[in-house]
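Shown next, in structure tokens, is the structure this report addresses.
All of the numbers you see were taken from the coordinates with simple rules; none came from a lab. Quick caveat: nothing in here was measured; it's all calculated off a predicted structure. Positions of Cβ are generated from backbone atoms using ideal geometry, with glycine treated the same way; all protein chains shown enter the neighbour counts.
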Amino acid sequence: MVVLEFSIFPLDKGESLSRFVTRVLEIVDRSGLDYQCHAMGTLLEGEWDAVMDVVRQCFEALAEDCDRIECAIKIDYQKGRKGRLLSKVASVEEKLGRPLRK
């Protein structure tokens, strides 16, 4: 199972990019994969092909009308482990003895 973190956005569409981020997050949400959004990107959890397919769809959606796109991807693979979007944070909170700010 893979946890993939990515951010993708156009570099040629000015300062406000929320309309493009919205387009990407619609694809992520429709994918059926577990995900979390944060201020600088999105986390996906699933099988390799599934998470990479979501990134590909996001790229293709932006490429329709964006001439320059930046995409940064980080991948954490751990065989046979599911539910790590929550369990990784829960493990740290347990060791701290308190919840982290969300």
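A few notes on this one:
- Computed [θ] at 222 nm, helices only, for the chain once each DSSP H run of length n ≥ 4 contributes -39500 (n - 2.57): -13500 deg cm²/dmol
- Mean Cβ count within 10 Å, highest first, over the residues of peptides 73-81, 22-30: 22-30, 73-81
- Calculated FRET efficiency, residue 94 to residue 5, Cβ-Cβ distance, R0 = 22 Å: about 0.50 to the nearest 0.05.
- Peptide packing: for 32-43, 51-62, 84-95, the average count of neighbouring Cβ atoms within 10 Å per residue gives the ranking 51-62, 32-43, 84-95, highest mean first.
- Degrees separating the helix 48-63 axis from the principal Cα axis of the chain, which is the longest one: 30 degrees
- The distance between label points at residue 47 and residue 74 comes to 2.6 nm (points 7 Å beyond Cα on the Cα→Cβ vector).
- Sequence-ordered 3J(HN,Hα) estimates for segment 14-24 from the Karplus curve with 6.51, -1.76 and 1.60 and θ = phi - 60° stand at x, 7, 8, 10, 4, 5, 7, 4, 4, 4, 5 Hz, glycine and proline given as x.
- Residues of segment 1-44 with amide N under 13 Å of the 7 Å Cα→Cβ point at residue 81: 1-4
- Pairs of Lys residues in segment 2-96, spaced 8 or more positions apart or belonging to different chains, with C-alpha separations under 21 angstrom: 4 in total.
- The chain, dipole about Cα centre (Lys/Arg Cβ +1, Asp/Glu Cβ -1), debye to the nearest 20: 660 debye
- Against the main long axis of the alpha-carbon atoms of the chain, helix 84-96 sits at an angle near 50°.
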